[in-house]
Number of protein chains: 2
Amino acid sequence: MKVGILGYGTIGSGILSLVQALPQSYGVKAVKVFDLPHKKEVLGDLFAASADDICLADDIDVVFEAMGGDKFAHECIVKALSSGKSVITSNKEVVSKHFEEFFALAQQNGVYFLCEASVGGGIPCIRTLTHQVELDTITNVYGILNGTTNFILTRMGEGQTFEAALKTAQKLGFAEADATADIEGLDVLRKISILSNIAYGTRLSYDQVKHYGIAGVTEAVLKDVASRGKVLKMVAQSTLVGDCLKVSVEPVLLDKTHLLAAAADEYNMVVYDCKSNGTLALYGKGAGRYPTASAMIADLMDILDGNKAFVPKAPIAPTVGNFDAESDFYVVKDGNATITHGLPQDGDYTFYARIMKED
Amino acid sequence: MKVGILGYGTIGSGILSLVQALPQSYGVKAVKVFDLPHKKEVLGDLFAASADDICLADDIDVVFEAMGGDKFAHECIVKALSSGKSVITSNKEVVSKHFEEFFALAQQNGVYFLCEASVGGGIPCIRTLTHQVELDTITNVYGILNGTTNFILTRMGEGQTFEAALKTAQKLGFAEADATADIEGLDVLRKISILSNIAYGTRLSYDQVKHYGIAGVTEAVLKDVASRGKVLKMVAQSTLVGDCLKVSVEPVLLDKTHLLAAAADEYNMVVYDCKSNGTLALYGKGAGRYPTASAMIADLMDILDGNKAFVPKAPIAPTVGNFDAESDFYVVKDGNATITHGLPQDGDYTFYARIMKED
């Protein structure tokens, strides 16, 4: 099986080294890697000057997309699937925006579209979910889906400033140079969209959902939260209630003994409430070169093993709501924290967090 | 696809109801259920008077074994596999004792042998592990693998007596009437044997490993442990270091912030340390009718989907050791607790627990 890789950054280089380390008996060979011209020096004969050399090549079976972004990645994935190649991607932006199109194209062309690494890094949360939806009913999906914000909140809880914690995360290689999408919750919204689409058959367009991040959090807020015996986490939640999909992406106050409180630093945790199986949770590295690349190799194994490809449920288009009206909120304004019922109005807060209900 | 069920107790009845609730499009039909004669009344036409009516039947494709125990279950599984039927079991005793034989028989006959529910109840810990070993190197396996003892320790931490907590667990249906195998750690040893065999290719014979349980724990011990800022959990751990497999099954003292401390009541948590993927943990219901039965239906889905059957690595026979010499222990004698380096001698304790090293 011959594979091509689009993008030779942190993830792409991880994929190449893991592919090259596979036992020879697996018969997998990386034949082309596309990136900007200056990468030719390191890549040598593997270097491809054009993405088409991979997406349209006759001798490539599987394309790894590790470039990120929307427009060009979308174009490449469509070309690759349409020309009969399986595609494996870690790109949550492109997957969440073109979920229906990619899976339909893969089915039409009898190939795989796999995106385990687009949510939860090295955690097999999509594999587990696709398998569970075959046999059980999912009633609730929630979790800590962003390593950068979880790392910042953990380190701020230990006394670091926001800026220092963010810098450390960037040095360690799991926060982007521009971490806006992480900090404001857009990254998390993309991930919970993908999980919702798989769990419930929705095709969530994420301009339907507001996201609120941790930019307003201060060390004083974290101290006050701790003094209340609570923990602050950036949480995404998605529940399908009848015809309404309730989605939230916001900071949340949890009891210290809550399962999610056990996920610190850059770790992620994904929780599925299932009708037969009860609560099922997965925990692991949500970001980083080798966790992400190894999740993509896990996808490759499914192709090698000839396992059944995932086909999403027929699309449903529920109304989209949130938990605002039914929740209590922890609201900070002028350095004072109060608890209110229902979401505070714009201008009435400098920071807020939803208070997670106890089961 | 026609299925037969051996055993119509808690698990077997759960399997039957989940099979009957599957969408008709899956084409799965339960045709025979074997149990003692008095079950004929409830089972009606489904009742099979002999296990052979299922294991040797021409028209059955998949056999669910939900009887428990070793000798008769072993006989039935061998018959079923040898006559070309796939077998799905939740029976950790029989799987841990005949691991090599069952998987070899399945391979010879081109059928599946699947045992997800034998470890961790509804947690897909075997599926995740078999997939991870294809692409990564596992360096350490540990976790809370017994719901009954975890429930007892949780409730005793809230002030209940051992006896009252055990009775509640039995009432709730996840502790056996004779809970000796749970309380003394034999159940956990069976489960960590299965996980070790899959993770490392070992064929652990569990008379090679000592197991120590929670029979000696008292409310006073739990109070003292809490006053030290620690949590007491029943933990199994297995690490392959060169040619030596270190296995332990014993109570362990953990920091309150340790990941395993987040698993309370009857919940289980399984942790895999992986070379590429880092730490991966799975959490869920370790016992109970529907979690266990749904894990067995998950196995059935693998057969229906035609996914690749798991074949264990070629067997290795490492020397077997433990963590005794390198660990500190919390040792209780005459109501006094002390910390010693190395395992205390027989007669030098009324209860002990290993102190988990920090990473």
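Short-range pairs are left out: with C-alpha atoms under 8 Å and at least six residues apart, the relative contact order of the stretch B:2-114 is 24 percent. Using the alpha-carbon positions of the stretch A:191-277, Rg (one decimal) and Dmax (whole number) come out as 14.8, 42 Å.
Using a ≥ b ≥ c from the Cα gyration tensor of the stretch A:251-323 (square roots of the eigenvalues), is it rounded, prolate or oblate, where a/c under 1.5 gives rounded and otherwise the larger of a/b and b/c decides, a/b for prolate?
Cα axes put the stretch A:251-323 in the oblate bin.
A P(r) calculated from all alpha carbon pairs of chain B, with 20 Å bins opening at zero, reads 30, 55, 15, 0 percent.
By DSSP, the beta bridges lying fully in chain A are antiparallel in about 65 percent of cases. Just for the protein assembly as shown, what percent of DSSP beta bridges are antiparallel, to the closest 5? For the protein assembly as shown, the DSSP antiparallel bridge percentage is about 65. The orientation-averaged projected area of the convex hull spanned by the Cα atoms of the stretch B:228-288 comes to 5.4 nm². Annotation: amide H-H contacts under 5 Å for B:Thr139 (H modelled 1.01 Å from N, sequence separation of 5 or more, or interchain): B:Asp273, B:Cys274, B:Lys275. Its relative contact order, with pairs defined as Cα atoms under 8 Å and 6+ residues apart, puts chain B at 18 percent.
Under a no-solvent Debye model with one identical scatterer per Cα of the protein assembly as shown, what's log10 I(q)/I(0) at q = 0.05, 0.08, 0.10 Å⁻¹? The calculated log intensity ratios at q = 0.05, 0.08, 0.10 Å⁻¹ are -0.25, -0.65, -1.04. The modelled label-to-label distance between A:Ser25 and A:Thr161, using points 7 Å beyond Cα along the C-beta direction, is 5.6 nm.
Fully extended, how many nm does the chain gain between A:Asn109 and A:Asp59 (0.36 nm per residue separation, minus their Cα-Cα distance)?
16.4 nm
Among A:Glu134, B:Glu101, the order by Cβ neighbours within 10 angstrom, fewest to most, reads B:Glu101, A:Glu134. Over the Cα atoms of the stretch B:2-114, the radius of gyration divided by the Kirkwood radius equals 0.95; this is the Rg/Rh ratio. Per-residue Karplus couplings for the stretch B:295-303, computed as 6.51 cos²θ - 1.76 cosθ + 1.60 with θ equal to phi - 60°, are listed in order as 5, 6, 5, 4, 4, 4, 4, 4, 5 Hz, Gly and Pro entered as x.
Sorted shortest first, the separations between the B:Gly110 label point and its copies elsewhere in the assembly read 2.2 nm; each point sits 7 Å from Cα along the Cα-to-Cβ line.
For the pair A:Ala220 and A:Asp305, label points projected 7 Å from Cα toward Cβ lie 5.3 nm apart. Proximity of backbone amide H atoms, modeled 1.01 Å from N, is registered between A:Lys333 and A:Thr338, A:Thr350 at under 5 Å, excluding neighbours fewer than 5 places apart on the same chain. Per residue of B:292-301, other chain Cβ atoms within 10 Å of the residue Cβ number 4 on average. Near B:Gly321, the amide H atoms lying under 5 Å from its own belong to B:Leu245, B:Lys246, B:Val247; only residues 5 or more places off or on other chains count, and H is placed 1.01 Å from N. By the count of neighbouring beta-carbon atoms within 10 Å, fewest first, B:Met356, A:Met269 end up ordered B:Met356, A:Met269. For the pair A:Glu358 and A:Gln170, a Förster radius of 25 Å applied to the C-beta separation gives a FRET efficiency near 0.10, rounded to the nearest 0.05.
Return the ratio Rg/(2.2 N^0.38 Å) for the stretch B:274-359, where Rg is computed over Cα atoms only.
Relative to the rule-of-thumb radius for its length, the stretch B:274-359 sits at 1.75.
With Cα atoms defining each centre, the stretch A:260-324 and the stretch A:20-55 are spaced 28 Å apart in the structure.
Inter-copy label distances for A:Asp52: 7.0 nm (label point placed 7 Å from Cα along Cα→Cβ; shortest first). Counting only DSSP H runs of at least 4 residues, each contributing -39500 (n - 2.57), and dividing by the residue count of chain A, the helix-based mean residue ellipticity at 222 nm comes to -10000 deg cm²/dmol.
The Rg/Rh ratio of the stretch B:53-127, with both radii computed over alpha carbons and Rh defined as the Kirkwood radius, is 0.94. Taking each of B:Lys167/B:Lys333; A:Lys275/B:Lys29; A:Lys167/A:Lys285; A:Lys2/A:Lys171 in turn, the alpha-carbon distance tops 23 angstrom for B:Lys167/B:Lys333; A:Lys2/A:Lys171.
The Cβ shell under 14 Å around B:Ala106 holds other residues with a net charge of -3, Lys and Arg each +1, Asp and Glu each -1. Each copy carries a label point for A:Asp334 at 7 Å from Cα toward Cβ; from one copy, the others' points are 6.5 nm away, ordered from shortest.
Based on the Cα gyration tensor of the stretch B:108-255, what are the three equivalent ellipsoid semi-axes, each the root of five times an eigenvalue, rounded to whole Å and given largest first? Working shown, then result.
Details: eigenvalues 176, 66, 35 Å².
The answer is 30, 18, 13 Å, longest axis first.
Helix B:99-109 and the longest principal axis of the C-alpha atoms of chain B enclose an angle of approximately 20°. Between the stretch A:195-248 and the stretch B:60-112, the alpha-carbon centres lie 45 Å apart. Once you divide the Cα radius of gyration of the stretch A:141-209 by 2.2 N^0.38 Å, the number left is 1.27.
In order along the stretch B:162-167, phi translates into HN-Hα couplings of 3, 5, 5, 5, 4, 4 Hz, rounded to whole numbers, per the Karplus curve 6.51 cos²θ - 1.76 cosθ + 1.60 with θ = phi - 60° and x for Gly and Pro. Counting neighbouring Cβ atoms within 10 Å and putting the fewest first, the residues B:Glu326, A:Glu266, B:Glu176 line up as B:Glu326, B:Glu176, A:Glu266.
Bear in mind these aren't lab numbers, they're just calculated from the coordinates by the rules spelled out. Only a predicted model underlies this, so the values are computations on that prediction, with no experimental measurement involved. Heads up, the Cβs are rebuilt from the backbone with ideal geometry, glycines too, and the neighbour counts pull from every protein chain shown.
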